[in-house]
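Nothing in this text is a laboratory measurement; each read-out follows from the coordinates by a stated rule. Note that the structure is a prediction, hence the values are computed from the model and not measured. Every residue, glycine as well, gets a Cβ built from its backbone with ideal geometry; the counts of neighbours run over all protein chains shown.
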Amino acid sequence: MGRFFERASLRLLLRPWSAPLRAGSGGPTWPRERTLVAVKPDGVQRRLVGDVIQRFERRGFRLVGMKMLQVPESVLAEHYQDLQGKPFYPALIRYMSSGPVVAMVWEGHNVVRTSRAMIGDTDSSEAAPGTIRGDFSTHVSRNVVHASDSVEGAQREIQLWFQSSELLSWADVDHHSAAPV
Ligand code: DAT
Ligand code: MG
């Protein structure tokens, strides 16, 4: 019996993060979608980190990784590889490496698509009020926040920015009925 539980919990620990999560017995299954969100240097300097986190928490997403870092240019070059050759690329790399960034991994149903809606249009002047960029940014080159734009892109970016040991899987506990320790 003990062996069984040992093996079961080992399986749980070793499950890759992209594997489907079974919610309760007979409940629905869905992939644990994750995305990379980063508060850019202008967002950190303007004290907007808390606001960004609050929006994702209130929406109901699960924070599974977070760190503050000065992003190396080599990481930014890979992160923005599709934009190499654009006239604004050198300025983008200079700006993104100019100060600390707060990088997060958020998890939840359709988190990639929903977080793109939450951050708003790339061009701040097109970003709807109520979105992060629509509320806090006036120029495309200082648009406060990054969020991955596809599920495949998110997987690539998360692997680029985070070690797997920096990502924590956790489950909700019913704190009202849990016995105090
Ligand atoms: P997003 O950040 O919405 O995914 P993107 O991937 O097209 O947008 O571009 C990455 C970043 O590059 C964007 O957040 C800000 C900068 N950028 C994009 N277009 C720009 C432009 N026309 N002028 C200056 N910076 C730009
Ligand atoms: Mg992008």
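Taking the C-alpha atoms of the stretch 62-181, how large are the radius of gyration and the largest Cα-Cα span, Dmax, in Å?
Calculated on Cα positions, Rg and Dmax stand at 16.7, 59 Å.
Can you list residues whose amide H is under 5 Å from ARG32's amide H, if they're 5+ apart or on another chain and H is modeled 1.01 Å from N?
Amide H neighbours of ARG32, under 5 Å, 5+ apart: LEU21.
When only alpha-carbon atoms are used, what values of Rg and Dmax, in angstrom, describe the stretch 36-119?
In Å, with Rg to one decimal and Dmax whole: 13.6, 38.
Applying the Karplus parametrisation 6.51 cos²θ - 1.76 cosθ + 1.60 with θ = phi - 60° to the phi angles of the stretch 104-121, what ³J(HN,Hα) value in whole Hz is obtained for each residue in order, glycine and proline being reported as x?
Rounded to whole hertz, the list is 9, 10, 10, 10, x, 4, 6, 4, 5, 5, 5, 5, 5, 5, 5, 7, x, 4.
Count charges around ALA154 for me, please; just the other residues with Cβ under 10 Å from its Cβ, Lys/Arg as +1, Asp/Glu as -1.
-2
For the peptides 34-42, 166-174, 122-130, what is the packing order when you average, over each peptide's residues, the other Cβ atoms within 10 Å and list the highest mean first?
34-42, 122-130, 166-174
Rounded if a/c is under 1.5, else prolate if a/b beats b/c, else oblate: with a ≥ b ≥ c from the C-alpha gyration tensor eigenvalues square-rooted, which is the stretch 92-141?
Oblate, because a/c is 1.5 or more while a/b does not exceed b/c.
SER97's amide H: which non-local residues (gap 5+, or another chain) put their own amide H closer than 5 Å, with H modeled 1.01 Å from N in plane and none for Pro or chain starts?
none
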